[in-house]
1. Going by accessible area, probe 1.4 Å, with all protein chains left in place, what is the ranking of Glu273, Glu127, largest first?
2. Provide, as a two-decimal number, the C-alpha radius of gyration of region 15-92 over 2.2 N^0.38 Å, N being how many residues it has.
3. Which order do the peptides 438-448, 36-46 take when ranked by the mean count of other beta-carbon atoms within 10 Å per residue, highest first?
4. At a Förster radius of 51 Å, what calculated FRET efficiency corresponds to the Cβ-Cβ distance of Asn203 and Ile389, to the nearest 0.05?
5. Pull up all non-local amide H partners of Thr208: gap of 5 or more, or a different chain, and H-to-H distance under 5 Å with H placed in the peptide plane.
6. With all pairs of different alpha carbon atoms counted, what Kirkwood hydrodynamic radius in Å does region 465-578 show?
7. Under a cut-off of 17 Å between alpha-carbon atoms, report the lysines in cross-link reach of Lys19, not counting same-chain residues fewer than 8 places apart.
8. Taking the highest mean first, how do the peptides 291-302, 176-187 order by number of other beta carbon atoms within 10 angstrom per residue?
Amino acid sequence: MAPHTIKSFSAGESMGEIKILLGFEVGTGKEVHMSLHHTVITGMTQLSGKTTTLEAIISRANRRAIAFKTKRGESGFNSYREIPPFFEERADWQYVSTLLEAVMRESLKFERPWIMKATQGTKTLREVYENVQMLRAEATKSLPENVYTALEQYLKIVVPQIEKFRFSKTLNLIDGINVMDLTEMTLELQALVIQSTMEYVLNNLHETILIVPEAWEHIPQGRNTPVKLFAETFIRKGAAIGNYLFIDSQDIAGIDKMPLRQCNNWILGRQREGHEVERVREQIGRNKIDAEEIRSLPLGHFLAILGDDVKKVYVLPAGVPSKIGRRVAMGEMTVSDAGKYMNNASAEEETPPEPQTGIRRFLPAPTSDRAMRRIEELDMKLARRDNEIALLRTELDGLRTELITSTAKLEQLIRQQETAEQRAAKSQVPAVRPGFTVDDLNQLIDQRMHQIIQYDKPTVFTQVDVSGRFKEVVKERYIRELGIRIRGLPLQTIHAAMVVHERKAVKRGDLYSFLHGGNGRITDDFYTELQKLEDVRLVVYSKETGVVHWALGEYLKRELGSMYDEATIKQAEEYLASLLLPPS
Ligand SMILES: Nc1ncnc2c1ncn2[C@@H]1O[C@H](COP(=O)(O)OP(=O)(O)OP(=O)(O)O)[C@@H](O)[C@H]1O
Ligand SMILES: [Mg+2]
């Protein structure tokens, strides 16, 4: 056995704190105690004994605990009371935002109104799902459409799952370990159940331990999940009322660092991968431990950072007598010999032990040590495959959400750019009081005309050609009015008008793809734009031929032709068309 190289620091035990026996210090055989607090435990699958350690801590802490079984190969938590999965369905916008945030990987400030719209009056996620489908079909802008698409995809997975399982709406716990079996559920639904349970515990219970298994899936680094978004609240508020989170993960790298920082107890088992070994060394202090020691930690052996103390410890499994544990810690007995007491311990209980999982299930009573070792090897192989599959699945999930997020971001950028352009355009148009109509303007012009006639140059008027002057004023007022309406067009519509002006006539479909790219279906918005252009007499759109014509010249000729010559009309047309151009 490797020599004991860890120095222990000040014991730092405060009075009144609950101290739980964790196991025995390697080398000395001294008892190692830990205080009850948020705890993280890591180590390679099947080679470290994380679940066994958690079982041991909880059984000696004499606390109520809730554990979730999330994968089939899980060998622990078998001989405990199984409770039905608890899930309190919520369909309010805050909750749905959290779900969406988990899928889209970012906080959703802009999206709130759309989520509120989708959750108006909803009681179940099924209702939200139905709303979202409807809203997505109606959405004409791409950003809300993206939000609804992401939400729809997520609910499509989750809603049928929720309906498939029978959930308990009450959480009846006994002292000791309560196990919820979630192995048949998808990762998404597991997350909802864990989150819901967490929320219930936080709001209704105290002195309860919650174990998040496979934390690299449920509290992952760099990605949001409903569990992760809620874990922060649970951790922050939990300790004061004796609710603690136990985080179980194969490594440190995969888990989000926020909850880790809140953990007082770190129980770190065997690691092989170089970076992970370094991470463990970093936690403990590089000069206090060498890499090889972490690589060669045997089953049941951990480096435990307990508050300020660091100890190398052999964890005493539940049911194994203390003296046996101490002998293992002192190198006088093998781990597997101690393990035999674990099986004995469960055999002593009144209820018959649950059948073993994995390979052991098919060989209930292996006879020789060789057979045992072979079975363990095979079990390990299976567990590794399980992990690989799970890893690939999360990677795939990650890629999928990344795609959705990137698209949403792009849309957001485009939208920001558009509003910036609009703002710029607005600042160049002279400010008009809100509610100021064309009629008001006419009145102003009339007043001004009156002033001119009365005061300005009355003598000049007697000398001018009155009818010529009238003509001039009528033309000016006419053109000015049309000009104001043209200037009031939205930017997008102005772009459309410019294209038609340039081409004189253009097919509706060509115009649409020119402006919006691609061959997408023409939207209602586009027809509204055409209507606006017709209203200000710039174009005429023929439904029969599907062609959009530039029509301003014709229109002016028709309206003003009897009063003005062609050159004047042409001039007016050019002036009005020039209003479409951005001010230089
Ligand atoms: N301290 C220990 N003493 C003796 N045997 C142990 C000890 N810890 C674990 N074992 C045995 O090692 C095996 C694996 O233990 P456990 O299920 O706790 O590992 P794990 O780290 O939780 O694995 P996984 O990551 O796959 O969940 C079990 O068969 C268990 O009985
Ligand atoms: Mg485990």
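The values are calculated or read from the model by the stated rules, or taken from the named source; none is laboratory data. Being a predicted model, the structure only gives us computed values, none of them experimental. Every residue, glycine as well, gets a Cβ built from its backbone with ideal geometry; the counts of neighbours run over all protein chains shown. Ligands, DNA and RNA are stripped out before the accessible areas are found, and what is left, the full protein with its side chains, is counted by its heavy atoms. Shrake-Rupley method; radii C 1.70, N 1.55, O 1.52, S 1.80 Å.
1. The most accessible residue leads, giving Glu273, Glu127.
2. 1.37
3. Ranked by mean Cβ neighbours within 10 Å, highest first: 36-46, 438-448.
4. The formula returns an efficiency of 0.90 here.
5. Asn243, Tyr244
6. 15.1
7. Of all the lysines, those that pass the test against Lys19 - Cα under 17 Å, at least 8 places apart if same chain - are Lys30, Lys311.
8. The packing order, highest mean first, is 291-302, 176-187.
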